[in-house]
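What follows is a set of notes on a single structure, which appears directly below.
Quick note: the coordinates plus some simple rules give every number you see, no bench work behind them. All of these numbers come straight from a predicted model, not from anything done at the bench. All Cβ positions, even for glycine, are placed from backbone atoms using ideal geometry, and neighbour counts span all protein chains on display.
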Ligand code: SF4
């Protein structure tokens, strides 16, 4: 999962968005329009899934920590053999930092990430009995785990409605003016306010998948977009929505 660079993250607490994260720009959509956008996403993908492979909450924390500035497919390729031998904090420590580096050396920033994975495994054992904690406040005490990673874990491992603003969500929220914001924290708070509660749980994945496969960074594929008639982006190139049908099951691309 790719990160969004936000200004001066070191000056802010990992625990809470900055005070100035109040919404300065309004959503361009009426309540009924937002409802319709997410209704259509829910028809397309009734059960959207994250594309980072994991076998338990611990391996999810590791996969998300490894995914900063990397693609999910690239992370999956490295973690498949890794999680076969190390799917608990104890086994990760037994593997050791040097051998862990070998498993993940195809992933960017792997030296630093290996250090963090070992350190977070130690902390899980020392402070949490080897279990992944279930609150954001506790999760962000783990080395290499920030607010975005914690939100992914809360949503995917523990079924809590949370929105982790990655590069796709940040781009879409601003491009289509659904929840404009200057930082990921601003966008997160804005999305939490505008998305109807019944759609909140899956909203994170709907937006990521829409950004990854349709509303792409370089050129949005508006002719394939089910919300093209509703979209208020100045960049859109088509007003006719794509047919609203349920998509085939997600296939996670595997790099060669
Ligand atoms: S119409 Fe185009 S710009 Fe708007 S959401 Fe769809 S793909 Fe993105």
Quiz item: Order of 224, 80, 147 from fewest to most other C-beta atoms within 10 Å?
Solution: 80, 224, 147
Quiz prompt | Fraction of alpha-carbon pairs over 14 Å apart in the range 37-103 - percent | solution = 62
Quiz item: Using the alpha-carbon atoms, what tilt in degrees (0 to 90, nearest 10) does helix 147-158 show relative to the longest principal axis of the chain?
Solution: 90
Quiz item: What is the distance, in nm, between label points placed 7 Å from the Cα along the Cα-to-Cβ direction at residue 223 and at residue 55?
Solution: 4.5
Quiz item: What angle, in degrees between 0 and 90 and rounded to the nearest 10, separates the Cα long axis of helix 197-213 from the longest principal axis of the Cα atoms of the chain?
Solution: 90
Quiz item: Listing 240, 195, 140, 125 from the residue with the fewest other Cβ atoms within 10 Å to the one with the most, what is the order?
Solution: 240, 125, 140, 195
Self-check item: Directionally averaged projected area (convex hull, Cα atoms, the chain), nm²
Solution: 13.7
Exercise. Restricting things to alpha carbons, tell me how big the range 69-121 is in terms of Rg and Dmax, in Å.
Key: 10.1, 27
Quiz item: With r defined as the distance between the Cβ atoms of residue 238 and residue 26 and R0 fixed at 30 Å, what FRET efficiency is calculated, to the nearest 0.05?
Solution: 0.75
Quiz prompt | Square roots of 5 times each gyration tensor eigenvalue, C-alpha, the range 128-256, largest first, Å | solution = 29, 17, 14
Quiz item: How many percent of all Cα-Cα pairs in the range 194-256 sit more than 16 Å apart?
Solution: 55
Quiz prompt | Residue-span extension gain [residue 250 to residue 98] - 0.36 nm each, minus C-alpha spacing | solution = 51.3 nm
Quiz item: Okay, which of the range 139-178 sit inside 17 Å, backbone N to the point 7 Å along the Cα-Cβ direction of residue 36?
Solution: 176-178
Quiz item: Share of Cα-Cα pairs in the range 57-158 beyond 20 Å, in percent?
Solution: 28
Quiz prompt | the chain: relative contact order as a whole-number percent, Cα under 8 Å and 6+ apart | solution = 26
